[in-house]
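Structure first, commentary second.
FYI, it's all coordinate maths here, none of it is from the lab. All values derive from a computational prediction rather than experimental measurement. Cβ atoms come from the backbone with ideal geometry, glycine included; neighbour counts cover every protein chain shown.
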Amino acid sequence: MFSLLSTLTTFGISVVLLAQFNRDLDPKLTLFQFSQPTVDAWIPTLGIGYRIGIDGISLFLVLLTTLLMPIAILASWTSVKERVREFHIAILFLETGMIGVFAATDLALFYIFWEVMLIPMVLLIGIWGSTRRIYAAVKFFVYTMVGSLLMFFAILYLYFHLSKHGQATFGLQGIYEGLKVHPLSLTEQTFLFFAFALSFAIKVPLFPLHTWLPDAHTEAPTAGSVILAGVLLKMGAYGFIRFAIPFFPDAALAAVPWISWLAIISIIYGALMCLVQEDFKKLIAYSSVSHLGFVMLGIFAFTQRGVVGSVFQMLSHGVSTGALFLLIGIIYERTHTRRIADYGGYAKVVPRFSVIFFIVLLASIGLPSLCGFVGEFLILQGTFEVNRTYAVLAASGVVLGALYMLNLYQRVMLGKVNPKLSSEARAKITDLNFREWVYLTPLLILIVVMGLRSPWFTDLIEPSVTHWFSEFGLAGK
Amino acid sequence: MDKFNPFPLEDVLKILPVIALFVTGTVVLIIDLFLRSWNSPGPSSTAFKSNKWILSALSILGTGFACLFAFQGFSSGEASSTAFSGAIRFDLFSNTTTCIILLGTMLTVVTTVGYLRRNDMEHGEFYALLFYAAGAMVLLAESNNLIMVFLSLETFSLAVYVLTAYTRDTQRSVEGALKYFVLGGVSSGFLLLGLVFLFGATGSIRLDVIGEAIAAGQDIDLSLFLAGLGLSLVGFGFKIGAFPFHSWIPDAYEGAPTLVTGFMSVTVKAAAVAALTRFALVLTNVENIPEAQAYLTETIWWLAVGTMIFGNLVALVQSSVKRMLAYSAISHTGYILIGLVAALESNSPARGAPIVFYLLPYTLMTFGAFAILSGLGRESTEDETFDSFRGMSKSNPFLAFVMLLFMVSLAGIPPTAGFWGKFYLFQEAVKAGHWPLALIGILTSIISMYYYLRLVIVMYMQPSGDESRWSGAFHCSWGAGLVAAVAAAGIVAIGLLPGRLLEISVDSIKSVLEIASP
């Protein structure tokens, strides 16, 4: 109960942030808002300061995090029965880490928060997950750890490079300025970019580093999956935007073809894997791979539309896939199976659920007037401006998306009710109860609002993105 | 003519912590004799055992006094000074390391409550040995004189050898102790010869005098000097457990009673690292003897790499938590050696500070882990396997969480103290240009995550058997629990606010460097 209240309070605070965010503030003057209290001299010996701040890009990501947390807690109200206290401790620590990652404007602080998220997530998957949870947790841990330790090395090297010219600091502003005055050589940039990119690409996840995702998502408890899909995946993309690309622009531009192709492969491969899945959750997990492929494509198109679209898609994916995992969790609590073959004809059994499911599904596909469309469209348009092949290939991903999602719906909801479903079992499958309505509704509202009134969001994102382009000399088109 | 006073009062006052430790050891030993005669029917009577708490109490009191004296030295803030004709040097560095050694001793002594009784080891001799060892270690940290280095090293080594063999009924204990003793004897021989060569090359036995002479550009016999450095490095390398001088560690650590292992792994390492650091920093001077610096740097570089890789790789395959912790101690020595390499190569006025900084988190986390291990179960191989920790999070949630913290800190994950230790070490290494070393350090850290995480997984995610092995928090001796809690709190505190400790490390190392480059 307490954790519910505290997460709701946090959400409330972040809404206040939204209201106070000054959209007219010229980013050239104040890149980050809300940066007080900053303790620059937290650890002066090491050059680390407790510096935080939010701009248009991170604002919504923070909001997404604080929105999904109370929802996740509500969702776990009945499904987590053992060791409830530890569960909530882990979730709250996780939230701290997540908000910290988005808000940190000091590189070492960012790294600290990035690592802080690790253990709670491992515990969440490993203790409260389903059958293969230990395997999934260890896999998740190993993948993430390898990436982040390489990033750690790159951070140290960056600091060292700056200290050679007397500009040693971990603060983002300081690093940006220092790098402008004393840029790194292309070789150095390539290696460092690779180190950072590896770590973020694992998180995103980008093919071929995605193999931890299906296991982690399927074996995690509902709250874990929601948070993983909704927030954690975005951190990889955020890391690219905030750190990897601004620090190493030349290397990033050189990497465009590589990453774009990997993104396209992610999109198509992810979608194809969805078509053959037997497991409900794994299917949605692969769909995340596919959607995040879009995000990466948009970022590396390096066009205004592409990047804004990516940020928006991050948000919309968080909302829609988060909702999908919540729905899966709801039905799983009733039926205790994730095999799609065990389902069928549920539209008759749980009609309201099936309607909600359909709406969220459409959002995920990218139906215009729902949130998914805006992001995907902007990304495709942004990509089309620079490379038609990429855009065409990516667009096929949209079609495939519709294919697997509608196929899923048909197999689960439509048709005859599964004959294996005995009547006692059927009686247990109740439709949505009050608590579930409470936490699904905000997401549904958001899905529609984001789809119909996207300028409310993009207006705040755009100035930061424009600034991003001009500040780092990325060919803004 | 002035009569030479071998015990001038100011000097005696300066070594009060050492005196307190020795006196406590002797007092406890003597009191134990009386305890035995009070309750003269054989050792199995309960009345006999129940008076022994006096020993623990006295020990804690004695260590407390020692700490008090040591901290007093800290806050008085006087400049560095020497005592006993230059045998001992008091600077911030020796003060800091003394405090760390005393911390290790205090933790050990508190953990003895309950532990000794359960394992039938409760004799005054145990405490006496402990205190003699601790006192000698403090002297080693303060040594300024080649003979003093050797004497203090040998004194505590002998005490520790006996402590290792304390549970003399078990074969592994005796085996471990014997290995330690024989190999230790050999390495002490190397050390002695090395120190003698250093004397021969430089003409003085006092480190500060040697340091000043080198800095002033005096002629020294180079080949003898380098030989001396190399041989002493063997001796020190043995004590800190660097590859390839590490082979005694797994057996000695496993054979010794777990509490003794904890004590050894923490205090011996701190003292030996302190002495080695002082040696390395004082005796190498780039302008005047570039060969010495080049030689030491290269050698220690290889030692560091070998230690890290070996320690981490072998720890992966251990099925005993105790042995895993022993190998983890070896790998942490490797990280410290990275710091030493960085210190030798760097020009910064605070070079070597990460080494000092690392000692405190290392003490807390390693001893904490050993304390928990010692507090549960009995001294037997079955109680030390990974499997015996299964399901501990349900039966002993507090201890499991504390162990989680130690594992996380050992692995170097923020926001714990272990993270800052590694961060600082690797940062200095990169700053000194040794980024391959930092990279190896990071890669081996990745490997280490696996075995640290393994314990976490076993504790939290694997179901225990029908009866949880150690059900209930009361099964852990309360001394161990208290120590574990304090250590964990310390780790988190340093993890969140490392600033002050960092400053202290920087100032400490500067006080050592005063002699090296005045």
Item to check | For the stretch A:323-477, the Rg and Dmax computed from alpha carbons only, in angstrom | outcome: 19.7, 65
Next on the checklist: Using Cα-Cα distances under 8 Å and only pairs 6 or more residues apart, what relative contact order does chain A have, in percent?
Outcome noted: 16
Item to check | Per-residue mean of C-beta atoms belonging to partner chains within 10 Å, peptide A:46-54 | outcome: 2
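If you wrap a convex hull around the Cα atoms of the stretch B:134-277, how much volume per residue is inside, in Å³? Walk me through the numbers before you get to the answer.
Working: hull volume 12.3 nm³, N = 144.
Each residue corresponds to 86 Å³ of Cα convex hull volume.
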Next on the checklist: With angles folded into 0 to 90 degrees, how steeply does helix B:171-202 sit against the dominant principal axis of chain B? Use alpha carbons for both and round to 10.
Outcome noted: 10
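Taking the convex hull of the Cα atoms, report for the stretch B:327-454 its projected area averaged over all directions, in nm².
Details: hull surface 31.6 nm².
Result: a mean projected hull area of 7.9 nm².
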Checklist entry - Got a sec? How would B:VAL260, A:VAL276, B:VAL12 order by Cβ neighbour count within 10 Å, fewest to most? => result A:VAL276, B:VAL12, B:VAL260
Checklist entry - Cα-based Rg (one decimal) and Dmax (whole number) for the stretch B:218-296, in Å? => result 15.5, 49
Next on the checklist: What are the extents of the Cα atoms of the stretch A:347-390 along their three principal axes, in Å, largest first?
Outcome noted: 48, 17, 9
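What translational diffusion coefficient, to the nearest whole µm²/s, does the stretch A:105-165 have by Stokes-Einstein, given a Kirkwood radius computed over alpha-carbon pairs, a temperature of 37 °C and 0.692 mPa s viscosity? It would help to have the intermediate numbers written out before the result.
On the way: Rh = 13.0 Å.
The Stokes-Einstein estimate is 252 µm²/s.
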Checklist outcome for this item: Where a ≥ b ≥ c are root eigenvalues of the Cα gyration tensor, a/c under 1.5 meaning rounded, otherwise prolate if a/b exceeds b/c and oblate otherwise, chain B counts as oblate
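Please give the net charge around B:PHE225, taking every other residue with its beta carbon less than 11 angstrom from that of B:PHE225, where Lys and Arg add +1 and Asp and Glu add -1. Write out the running numbers ahead of the final one.
On the way: positive: none; negative: B:ASP219, B:ASP221, B:GLU291.
So the environment of B:PHE225 carries a net charge of -3.
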Checklist outcome for this item: For chain A, the longest principal axis of the Cα atoms and the Cα long axis of helix A:172-181 enclose an angle in degrees, to the nearest 10, of 50
Checklist outcome for this item: Footprinting proxy, A:VAL417, B:VAL458: sorted fewest to most Cβ within 10 Å, the residues are A:VAL417, B:VAL458
Checklist entry - Nearest 10 degrees, 0 to 90: what angle lies between the long axis of helix B:16-38 and the longest principal axis of chain B (Cα atoms)? => result 30
Checklist entry - Rounded to whole Å and sorted largest first, what semi-axes of the equivalent ellipsoid does the C-alpha gyration tensor of the stretch A:299-389 yield via the square root of 5 times each eigenvalue? => result 33, 12, 11
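Specify whether the C-alpha gyration tensor of the stretch A:54-169 places it in the rounded, prolate or oblate class, a ≥ b ≥ c being the square roots of the eigenvalues: rounded for a/c under 1.5, otherwise prolate if a/b is larger than b/c and oblate if not.
Details: a/c = 3.33, a/b = 1.69, b/c = 1.97.
Cα axes put the stretch A:54-169 in the oblate bin.
Using mean Cβ contacts within 10 Å as the protection proxy, how do A:60-70, B:228-238 order, highest first?
Ranked by mean Cβ neighbours within 10 Å, highest first: A:60-70, B:228-238.
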Item to check | trypsin sites (Lys or Arg not before Pro) restricted to DSSP loop in the stretch B:288-387 with at most 14 other C-beta within 10 Å | outcome: B:ARG378
Checklist entry - Among A:LYS203/A:LYS282; B:LYS269/B:LYS394; A:LYS81/A:LYS234, which pairs are too far apart, with a Cα-Cα distance over 23 Å? => result B:LYS269/B:LYS394; A:LYS81/A:LYS234
Next on the checklist: Quick check on the exposure proxy: order B:SER409, B:SER508 from fewest to most C-beta atoms within 10 angstrom.
Outcome noted: B:SER508, B:SER409
Checklist outcome for this item: Under Stokes-Einstein, the protein assembly as shown at 4 °C and 1.567 mPa s, with its Kirkwood radius over C-alpha pairs, diffuses with a coefficient in µm²/s of 43
Next on the checklist: Can you compute the modelled spin-label distance between A:SER369 and B:VAL182, with each label point 7 Å from Cα toward Cβ, in nm?
Outcome noted: 8.7
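What is the gain in length, in nm to one decimal, between B:ARG500 and B:THR299 on full extension, counting 0.36 nm per residue of separation less the C-alpha to C-alpha distance? Walk me through the numbers before you get to the answer.
Numbers: separation 201, 0.36 × 201 = 72.36 nm, distance 3.26 nm.
Net length gain for the segment: 69.1 nm.
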Checklist entry - Just for the Cα atoms in the stretch A:282-352, what are the lengths along the principal axes, largest first, rounded to whole Å? => result 47, 21, 18
Checklist entry - Farthest toward the dipole's positive end in the stretch A:272-378, which of A:ILE331, A:CYS371, A:VAL349, given Cβ charges of +1 (Lys, Arg) and -1 (Asp, Glu) about the Cα centre? => result A:VAL349
Item to check | Net charge of neighbours whose Cβ lies under 12 Å from the Cβ of A:THR321, counting Lys and Arg as +1 and Asp and Glu as -1 | outcome: +2
Checklist entry - What Rg and what Dmax come out for the stretch B:384-458 when only alpha-carbon atoms are used, in angstroms? => result 14.9, 49
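Using only helices, what value at 222 nm comes out for chain A when you add -39,500 (n - 2.57) per DSSP H run of length 4 or more and divide by the total residues, to the nearest 500 deg cm²/dmol? Walk me through the numbers before you get to the answer.
Details: 22 runs with 343 residues, N = 477.
So the helix-based figure for chain A works out to -23500 deg cm²/dmol.
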Checklist entry - What shape does the stretch B:71-157 have by the C-alpha gyration tensor, where a ≥ b ≥ c are the square roots of the eigenvalues, rounded means a/c under 1.5, and otherwise prolate means a/b greater than b/c and oblate the rest? => result oblate
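As a test of the definition: which semi-axes, in Å, follow for chain A when you take the square root of five times each eigenvalue of its alpha carbon gyration tensor? Largest first, please.
37, 24, 20
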Next on the checklist: Give me the net charge for the shell around B:ALA342: Cβ to Cβ below 15 angstrom, other residues only, Lys and Arg +1, Asp and Glu -1.
Outcome noted: 0
Checklist outcome for this item: P(r) of the stretch A:158-261 over all Cα-Cα pairs, 10 Å bins starting at 0, rounded to whole percent, reads 14, 39, 26, 16, 4
